[in-house]
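Read-outs throughout are calculated quantities, based only on the coordinates presented, and are distinct from any laboratory measurement. Bear in mind that the values here come from a model prediction, so they are computed numbers and not experimental data. Don't worry about glycine lacking a Cβ; one is built from the backbone with ideal geometry, like all the others, and counts go over all protein chains shown.
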Amino acid sequence: MLPDIWEPGLTVVFVGSAVTEISDALGFHNLHPRDRFWELLEIGGMSPKRIITPEERKALAEGHADGSLSDPVRSMFVEKKTSQLLRLGIGLTYLNRRVLARGEKDKSARPSQEDIEKFILKLERMNPKIAAFVMSPDIFVELFTRLYPDASGSLGVQPMRIGKSEVWLLGSTSGLLRGEALGNQEDAFFALGERIVLLRKEAAVE
């Protein structure tokens, strides 16, 4: 299973529900052909350019399919992209670290309450400024309202914190959103990007 990209004191850690089979097979995060995560990071201004381009995603998929993607090449790619993310203060993790998911609606990969409790303990220890949840609002509400009754399905900043970390909900980036829902998601990523710029400025002053 893909390792977390997470070290103490990051500006933001993006939290998915589970690693997908296709991303695990290709060796990096959010690599389903319809997944808009990397595009939305750029739209939100959290990365100055697309960290993983459509061309890179296609090359990984084709190399995996025809067996030409060697382990050294894959390792160099992962190391480069991981380094880029950490330099920007960005981490990636998942609530369910036990089972690979076939897709967003795969109920067999739904995080358990034990997964949630383990995640909360790690979040409090690693202490990012922001925990940004990249999953559908109904899954987020289902998983967190027992411990955090104020958790809502509205995209954007949430009314509660986990430890000292701000909590944001960004919705699923699976590419299934359309129309107003897609616009709302892009607005949420843009608002998060503005918040991160402010936090980076505050950190520079300190």
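Couple of notes before you dig in:
- At most 12 other Cβ within 10 Å, DSSP loop - trypsin sites (Lys or Arg not before Pro), region 121-179: 146, 164, 178
- Packing-based exposure ordering (other Cβ within 10 Å, fewest first) of 1, 126, 46: 1, 126, 46
- Using Cβ point charges alone (K and R +1, D and E -1), the dipole size of the chain about the Cα centre works out to roughly 220 debye.
- Helix 179-205 and the longest principal axis of the C-alpha atoms of the chain enclose an angle of approximately 80°.
- Most mobile of 82, 53, 20 in a GNM of the chain (Cα contacts under 10 Å): 53
- Residues whose amide H falls under 5 Å from that of residue 94, counting only those 5 or more places apart or on a different chain, are 16, with hydrogens built in the peptide plane.
- Sequence-separation-based contact order of the chain, relative, with Cα cut under 8 Å and 6+ spacing, percent: 30 percent
- GNM flexibility winner over the chain from 21, 186, 117 (Cα, springs under 10 Å): 117
- Backbone amide hydrogens, once placed in the peptide plane, bring residue 136 within less than 5 Å of 172, excluding anything fewer than 5 places away on its chain.
- Nearest 10 degrees, 0 to 90: helix 113-126 Cα axis against the chain principal axis: 80 degrees
- Protection proxy ranking of 165-175, 58-68, 5-15 - average other beta-carbon atoms within 10 Å, highest first: 165-175, 5-15, 58-68
- In degrees, nearest ten, helix 54-66 long axis to first principal axis of the chain (Cα): 50 degrees
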